[in-house]
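The values are calculated or read from the model by the stated rules, or taken from the named source; none is laboratory data. Nothing here was measured: the structure is a model prediction, and the numbers come from that model. Every residue, glycine as well, gets a Cβ built from its backbone with ideal geometry; the counts of neighbours run over all protein chains shown.
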Amino acid sequence: MDFATFLIQLLNGVQYGLLLFLIASGLTLIFGIMGVINLAHGSFYMIGAYLAFSLTGLIGNFWLALPAGVALAVLLGIALEWLLIRHLYRRDHLYQVLLTYGLILVFGELRSILFGDDVHSVAVPALLNFSIRLTDTLSYPVYRLAMSGVCLLLAAGMYWLIARTRLGMTIRAGSVNREMVQALGINVGLLYRLVFALGVALAAFAGMLAAPVASVYPGMGNQVLIISFVVIVIGGIGSVRGALAASLLIGLADVFGQVVFPQIAGMTVYLVMAAVLVWRPRGLFGSA
Amino acid sequence: MAEAALRTEGLSRAFGGLAAVSGVSLECRSGSVHAVIGPNGAGKTTLINMLSGDLAPSGGRIELFGEDVTGLPPERISQRGVGRSYQKTNIFLGFSAFENCRLAAQSRLPSSMRFFRRAERYHEVNAAAARALAAAGLGDRGDVRAAALSHGEQRQLEIAMTLATAPRVLLLDEPLAGMGAEESARMVALIRALKERHAVLLVEHDMDAVFAVADTLTVMVNGTVLASGRPSEIRASREVQQAYLGEGEAHV
Amino acid sequence: MEAPRGLRVLLAVILIGLVLFPLVGERFYIQYATKIMILAIFAMSLDLLVGYTGLVSLGHALCYGIAGYALALVGGHAAVSLWWSLPAAMLVSALAALVVGVLVLRTAGIYFIMVTLAFAQMLYYYVRDSEYFGGSDGIYLDVRPTLSLFGWAPVDLGNQLHRYYLTLALAVATYVVLRSVLRSPFGRVLIGIRDNEPRMRSLGFPTFRYKLACFVLAGALAGLAGYMTAVQDGIMNPEQLGWHRSGEALMMVILGGMGTLAGPALGAGALMVLELVFSIWTKYWQLLLGGFIVAVVLFLPGGLGGVFARRRGGADRG
C-alpha cells in the first residue's frame, strides 16, 4: 500500500468512525442512562437520511434542511418516548428489544409508503463540492473532511455538555441512581425524554450528514444498527468517551480490513470486538 | 479437644490501596458459636465473604477441618460442608418456601445432571427440605411463595435454605437484621439449637442476641481484630468499650 | 415454570388441528405450516436458553444453520439415511455449541448477547464468502434423506405431506422432551440460575457446567430445526446463519412468552401466520405486524402466552 492510498484509507476510516460515533453516542446514552436497549436506533439514522433527501428537495437548500431535519427528529424522539418508551422502564430489557424491533418494522414500512423503495441520492452541497489535493495523483473530497470536522465539533460539544453543565451532571447522576435523583426533586421523566430525543437527533443528524456520500436506501438502518451495538459494547456501555474510541477503532478496522484482508472483510469488526472483550470484559471504558 | 471446624490465619483482603481486612486469625469449633462484632465498615462482611468463597482473599489462609480451602470458589466451599446465610435476603423470590429448600437440598445429590425423572420424585431431597424448613420454624409455610412471606419469615427461609445443604459449619450474616423483638427471640432460640450440631460463625449487630448465644467473641475494628475471647472478658475490656460498645448502646 | 393451563389447552387444540389440517389445506399452506413447525422447534430450543436459564443468545442461528449446511454438503446430491444423518447433524450443532459456549459463557448480560452474535456473524461471513459453501447463493439439495426400515420405506421425504407429518412428530417430540427435562433436577438448576445465579453457587452448584450443558442441548435442538429446514426447503443459504434468523427467533420467544415453552411455539406460529395474513391484506404488512408487536408489548405483559396466566398479586419477573 503506498502512502497516498494509506492516507486516503486513513481519512476514510476516521470519517466513518466519527460518523459511527454520532450514532453510537446516542445509543450509549439511551442505554447507559435510561437502561433502554433501542433496536430502532438504526431506523433513526435512516429517517435522517430520508429527511435530508425530502427536505432538501422541498426547501431546495441542504443547509436549511439540516436544522429542519434535526428539529423534526427531536420532535419524533419526544413523541416516541412519551407514547411508548416510558412504559418500558420497569420491564425486562427483552421487552424493550421486542418493542423497538416492532418499531423497526413500522418505520421501515412508513418509509416505504412515503418514499418508496428506490435508492435516492442527495447532492453534495455546492459550497463543499470540491476536492483538495493530497498528492500529485490523489485528491480528497472536502465534504468528507467537513463531515469529520462537524462530528468532532459535536463530540466536543457533548463532552462539554456532559462534563461541564448542570444538565450533564444530572444526566450522569440519573444513570447511577434514578431514585435518588427523583428524590432530589429533579424531574427524571423529563430528563429521560430529553436524553432520548438527543439520541434520536444524533442518529438522524448522522444520517443527514452521511446522505450525500452514502446514498439513501432502504436497508441502511439495519447495517448501521449492528455496528453501533458492537461499538458501544467495545467502548463500554454508557461511556461517550468509550464510544468515541471504539468508533474510531472500528471505523479504521473496517476500512483497512477491507483493503488488507478482503477475504475476511465482514468478520473484522467482530474479531476486534471478541479480542477487546477478552482483554477487557466490560469494554474499553466500561464500569463494572 | 476436637480440631477447629473453621480456622483462619492472617486473613487479609485489600481493594486497591484500601485494606478492608488485615491479619484476622480466628477459630470456630463444633458445638459453639463464635460471634464477630464491630462497627460498620469494620470488615465483617468482607471477612464472611472470604470464608464463604464469594471473595478471594489477598493473603492468609482458611482451613476447613484441617484442609486448606483458601481461595476456593463458593460452590466448592459449600460442597465441603459450609452453609452461608446472607444479610440482604438472597432467596428465590419466585419459588415457594418449600421449593427454595428443595433446590438447596438438591445440591447434595452427587450430580444434578439428571434429565428424565421429575425433580419432585427424589424423596430424600424432599425429606431434607422438609426437615430444614421445620428446623427453621417454617414447617407449615412451605407452600407460600417466598415473595409473599413476611420479612422475618424470609430471614428464617435464608437459614432454612442453608440448613437444607446439611452443612457442618454455618456462616450467619446478620440473621436478625430488620427483625422485631418476637422474631429476634425466635431466631436466637434457633441459633442456640443449631449450635449443638454445627460450628457457627455469627456476624451480628444485635448485642443482646450476641451475648445470649456466643461462646467466643471477636471484635473487629477497621479490618483488624481488636480483641477476642469469652463474652464476659470482652464486656469487661476497657479497650473494647471505648472503641465499640461505648459508642452508645448498639440498637436492638 | 409451567405454562398456564389455558395455554396448554390451546396448544392441544392446535395440535389436533395440525394433524387434520392437510386433509383440507392446499399445498402452499401445508408448506407454510411445515415451516412454522420447524421455527417452533427453533423457538422452543431458544426458550430453553432465554426463558429458563436467562441466557439471551443472539447467535442461535449458528447451531441452526450449521446442521442444515452439514446435510446439504453430505446429503445434497446422493441421498443419505435420516437415521444417521439427523443425529450426526445434531451432533455437529452440539459440538459447535460446546466450543462457542466454553468461550462465551464467562460473560453475562449485554456482553453475552453481543459475543454470541459475533460468533454467529463470523460464521455467516465465512460461509457467505467461501466457494465451498456455495457463497451467497448457498447449496441446493437435489435429493432428500431417506427414511427406511429394513428395506421398507413408507416415508418419502420428497413428498410434502410426509415432510409435514415428520416435522409435526418432531415438534411434538421436542416439546415433550424439553418439558421432561425442565421438570428434572437439571431443569430446576437452570431455573435457579436464571433467578439468582450467585445464590446457586453459594448453595454448592457449579453453575458454569449447567449453563454449558444447557447451551449444548439448545444447540442440538436448533440443529434439528436446521436439518429439517434443509429437508423442507431443499436449499441452504447463508441467511440461515445470519442475525436476522437469530433475531427473529428471539422475537418469537419474547412475543410468545418467555419461559413457558408453549409460549414461544405459539409465538412462532403467531408471527408467521400474521405475516401471511397481513401480507394478503396489504403490501405494507410490516406496518401492521410492527404495530401488533408494539401493542403486545404494551398491553400483554407476559407476551401472548401471558394472556392465559392467572392474575397474581405482585409481579413475577418485572
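When you scan the range C:77-98, how many residues do you find that are touching a strand residue (DSSP E or B) at 6+ places or on another chain (Cβ under 6 Å) and either without any contact (Cβ under 8 Å) to a residue 12 or more places away in the chain or outside any helix (DSSP H, G or I) (or both)?
2
Scanning the range A:111-165 for residues that are among the aromatic types (F, W, Y) and over 20 Å from the mean Cα position of the chain (by Cα), which turns out nearest to A:A65 (Cα to Cα)?
A:F115
Of the conditions (1) surrounded by fewer than 21 Cβ atoms within 10 Å (Cβ to Cβ); (2) closer than 30 Å to C:R188 by Cβ; (3) aromatic (F, W, Y), B:F15 fails just one. Which one is it?
Going through (1) surrounded by fewer than 21 Cβ atoms within 10 Å (Cβ to Cβ); (2) closer than 30 Å to C:R188 by Cβ; (3) aromatic (F, W, Y) one by one, B:F15 breaks only (2).
Those residues that are among the hydrophobic types (A, V, I, L, M, F, W, C), within 14 Å of chain A (Cβ to nearest Cβ) and in contact with a Gly (Cβ under 9 Å, 6 or more places away or on another chain), I need them from the range C:115-155; list them, please.
Matches in the range C:115-155: C:V115, C:L117, C:A118, C:F119, C:A120, C:M122, C:L123, C:V127.
Go through the range C:198-211 and give me each residue that's part of a helix (DSSP H, G or I) and within 11 Å of another protein chain (Cβ to nearest Cβ).
The answer is C:P198, C:R199, C:M200, C:R201, C:S202, C:T207, C:F208, C:R209, C:Y210.
Evaluate the following for A:G189: is it surrounded by fewer than 20 Cβ atoms within 10 Å (Cβ to Cβ), of a type outside the set (D, E), outside any helix (DSSP H, G or I) and away from every other protein chain (no Cβ under 14 Å)?
no
Tally the residues that are among the charged types (D, E, K, R) and in contact with a strand residue (DSSP E or B) (Cβ under 7 Å, 6 or more places away or on another chain), restricting the search to the range B:75-123.
2
Just name the residue that is surrounded by the most Cβ atoms within 10 Å (Cβ to Cβ) out of those in the range B:91-119 that are facing chain C (nearest Cβ under 7 Å) and under 23 Å from B:S52 (Cβ atoms).
My answer is B:A104.
Please determine whether any residue of the range C:175-185 is hydroxyl-bearing (S, T, Y), buried (at least 24 other Cβ atoms within 10 Å of the Cβ) and farther than 30 Å from C:Y132 by Cα.
no
Wholly within the range A:211-288, which helices (runs of 4 or more DSSP H) include no fewer than the required count, namely at least 3 residues that are at the interface with chain C (Cβ under 10 Å from one of its Cβ atoms) and more than 19 Å from the chain's Cα centre (by Cα)?
Because the criterion is at least 3 residues that are at the interface with chain C (Cβ under 10 Å from one of its Cβ atoms) and more than 19 Å from the chain's Cα centre (by Cα), the helices (runs of 4 or more DSSP H) in the range A:211-288 that meet it are A:268-279.
Of everything in the range C:259-275, what is within 13 Å of the chain's Cα centre (by Cα) and crowded, with 24+ Cβ neighbours inside 10 Å? Give them in sequence order.
If the condition is that a residue be within 13 Å of the chain's Cα centre (by Cα) and crowded, with 24+ Cβ neighbours inside 10 Å, then C:L261, C:A262, C:G263, C:P264, C:A265, C:L266, C:G267, C:A268 are the ones that fit.
Restricting to the range A:140-166, and then to whatever is surrounded by 14 or more Cβ atoms within 10 Å (Cβ to Cβ) and not hydrophobic (A, V, I, L, M, F, W, C), can you tell me which residue is farthest from A:A4 (Cα to Cα)?
Result: A:Y159.
Any idea which of A:Y50, A:Y45 is over 13 Å from A:G26 (Cβ atoms), among the hydroxyl-bearing types (S, T, Y) and crowded, with 23+ Cβ neighbours inside 10 Å?
A:Y50
For the condition among the aliphatic types (A, V, I, L, M) and either over 30 Å from A:L99 (Cβ atoms) or at pLDDT 95 or above (or both), what is the one hit in C:M236, C:M258?
C:M236
Taking only pairs six or more apart or across chains, which ones have beta-carbon atoms under 6 Å, a first residue in the range C:52-63 that is of a type in the set (S, T, N, Q), and a second residue that is in a helix (DSSP H, G or I)?
C:T53/C:L190; C:T53/C:I193; C:T53/C:R194; C:T53/C:C214; C:S57/C:L49; C:S57/C:T116
Could you tell me which residue of the range B:63-90 is farthest from the other protein chains (Cβ to nearest Cβ), considering only residues that are surrounded by 16 or more Cβ atoms within 10 Å (Cβ to Cβ) and in a helix (DSSP H, G or I)?
Here the answer is B:I77.
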